[in-house]
1. If the only charges are +1 at each Lys and Arg Cβ and -1 at each Asp and Glu Cβ, what is the size of the charge dipole of the chain around the Cα centre, to the nearest 20 debye?
2. Between Ala370, Trp29, Val73, whose Cα lies farthest towards the positive end of the dipole of the chain when Lys and Arg beta carbons carry +1 and Asp and Glu beta carbons carry -1, centred on the Cα centre?
3. Across all directions of projection, what mean area in square nanometres is found for the Cα convex hull of segment 21-172?
4. Give the distance, in whole Å, between the Cα centre of segment 44-100 and the Cα centre of segment 261-340.
5. Which value in deg cm²/dmol, rounded to the nearest 500, describes the helix-derived mean residue ellipticity at 222 nm for the chain, given -39,500 (n - 2.57) per DSSP H run of n ≥ 4 and division by the residue count?
6. For a quick check: sort Val101, Val60, Val380 by the number of other beta carbons within 10 angstrom, fewest at the front.
7. Classify segment 1-111: rounded, prolate or oblate, from the alpha-carbon gyration tensor (a ≥ b ≥ c, eigenvalue square roots; a/c under 1.5 rounded; otherwise prolate if a/b is larger than b/c)?
8. Can you tell me the FRET efficiency between Lys195 and Asp292 if r is taken as the Cβ-Cβ distance and R0 is 41 Å, rounded to the nearest 0.05?
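Values quoted throughout were computed directly from the atomic coordinates according to the rules given, and no laboratory measurement underlies them. Please read these numbers as outputs of a predicted model, since none were measured by experiment. Neighbour counts run over all protein chains shown; Cβ positions are idealised from the backbone, glycine included.
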Amino acid sequence: MTTPFSGSNTTHYYVSEVTPGITPTSPVWTTLRNTGGIPALTKDALISNELNGSRETTSVRTGGKQVQGEFAVELSQSSQDELIINAMTTSWVAGVSQTGVGITVNNAAKTFTRSSGSFVSDGVLVGDLIYFEDLTGNNAKPFTVTAVTALVITGGAITITLTGEVVTTDYATADKAGTGSLCKSVSVLTWFKGKCGTTDKYLITTGLEFTGFSFEVAVNAQITGSFPFIARDQNVLSAPPSGSTYNTELTTRPYAGVDGKILVENAVQALFTTATITNDNAASAQFELGSDSTSFVERGNATNTISVSAFMADTVLLERFINETETGFNVIVAGVDGAMSFSMPKTFITAATPEVGGPTSITQTVEATATGTSLQSSIVVQRLTY
């Protein structure tokens, strides 16, 4: 008696491709951490309209292979880094770091002053996510730089209580990624693990491009998200590609709502309950004559949006919507293994809707779309590992 494959016994792996659609020789696979999803192959049914006097369909053909879907994820440190830059067709730009820097913390002013050297010369910028490794307590938690001079960094949006101290410490700023135009694709190996007599099977999906992402930060929940994708081809294998090896699986813990905060114009917001960040690249599969698989993935303009919900305690965002005021949003999550931020420095609010559902608190939903130029990405993603 055979037993069906199960989601709990199925693993997805990915490896970056050098040539789109071609799995590298002796691939080194990385586990694609996910909570659901699979590359699904479809074909258009080409039904004959031939008339033969019988009212029967005379023939059926199928069109080119279309492989699409999305992986659902729980956002965790380092686990989705390659997926994010694949979706944005870009690469991570390394942050700056220094060792043995004398730092004086002024808890009232929220400043970090060095005894020598220069933050400016090191390359620290306003908006950077920064972490002082050897400080103590709340002082060691990452924060966003709101002002920087040669000797002084200010964390104006810090809401936790700092402690005055003088320490020699290492520090690092986060790696950054913005909208790019690189060629990014992966091969995905899906391993259906057999049990109780069922034989293992494998799917190899090639030329897979993540076409965007979405993350939701909510109270009392892990941060969840999804990565839609389009791929060029898919085939069934009885064994992994020759020479396959596997990286050690990451075990970083998921981010949660308690790790998150929302900044509007560099000011931390109170009473916010959800934030959803979405990156959409208007991607579509394209075909050519003589080929039974997708020829390439077409991408349009990147559209980056944010939607937030909050208990309504003022009319600031409503007024910015009415007046078409340019507004910066930043979502920061600082967890147990690292920190990330999703910044949209220039957005325009496209909806600000108060909701009254009875005698309880009035809520408000706000939606905004980011703008950018060739010099300024509409979204900047940062990653920082402790």
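1. It works out to roughly 500 debye.
2. Towards the positive end, the residue furthest out is Trp29.
3. Mean projected area of the Cα convex hull: 16.1 nm².
4. That distance is 21 Å.
5. On the way: 3 runs with 18 residues, N = 386.
My calculation for the chain gives -1000 deg cm²/dmol from helical runs alone.
6. Numbers: Val101 20, Val60 9, Val380 24.
Ascending number of Cβ neighbours within 10 Å: Val60, Val101, Val380.
7. prolate
8. With R0 = 41 Å, the Cβ-Cβ based efficiency is 0.75.
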